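So the structure is just underneath, and the comments pick up after that.
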Amino acid sequence: MTSSGFRGVSYHIRGRYWRVKIKAQGKHIFLGNFANPATGARVWDVAAVLLRGPGTTLNFDGEPPAGVRVDDVRQRLISAGVLRASSV
């Protein structure tokens, strides 16, 4: 667990925001900075499902909330080279 109590979400003291990263294929992929750790945790959940499948352990159960854009998370993972466009 991290300082937030959520997987993949840690507090950036100097910037005073919550930073979200996920590890895939030996790389740390930056998913964004958020004012609220719970929002970041939901973004991490979306990335985890895209990378590891629906059976992976998540921060929250259920569907991604309104405001988390699955396509944006998917594009960030494709840009990082850990997800292929044809696999989604």
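Miscellaneous remarks
- Filtering the stretch 5-29 to residues that are closer than 16 Å to L77 by Cα and more than 14 Å from the chain's Cα centre (by Cα) leaves Q25, G26.
Every residue, every condition in (1) outside any loop (DSSP other than H, G, I, E, B); (2) farther than 19 Å from V82 by Cβ, yes or no:
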{"position": "S4", "(1), (2)": "no, yes"}
{"position": "Y11", "(1), (2)": "yes, yes"}
{"position": "R14", "(1), (2)": "no, yes"}
{"position": "I29", "(1), (2)": "yes, no"}
{"position": "N33", "(1), (2)": "yes, yes"}
{"position": "A48", "(1), (2)": "yes, no"}
{"position": "F60", "(1), (2)": "no, yes"}
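- Taking the stretch 1-29 as the range and being in contact (Cβ under 8 Å) with a residue 40 or more places away in the chain and more than 20 Å from F60 (Cβ to Cβ) as the test, the residues that pass are Q25, K27.
- Qualifying residue in the stretch 35-48 (condition: touching a Gly at 6+ places or on another chain (Cβ under 8 Å), surrounded by 11 or more Cβ atoms within 10 Å (Cβ to Cβ) and β-branched (V, I, T)): yes
Only the coordinates and a few stated rules stand behind these numbers; no lab work does. Please read these numbers as outputs of a predicted model, since none were measured by experiment. Cβ coordinates were reconstructed from backbone atoms using ideal geometry, including for glycine residues, and neighbour counts include every protein chain displayed.
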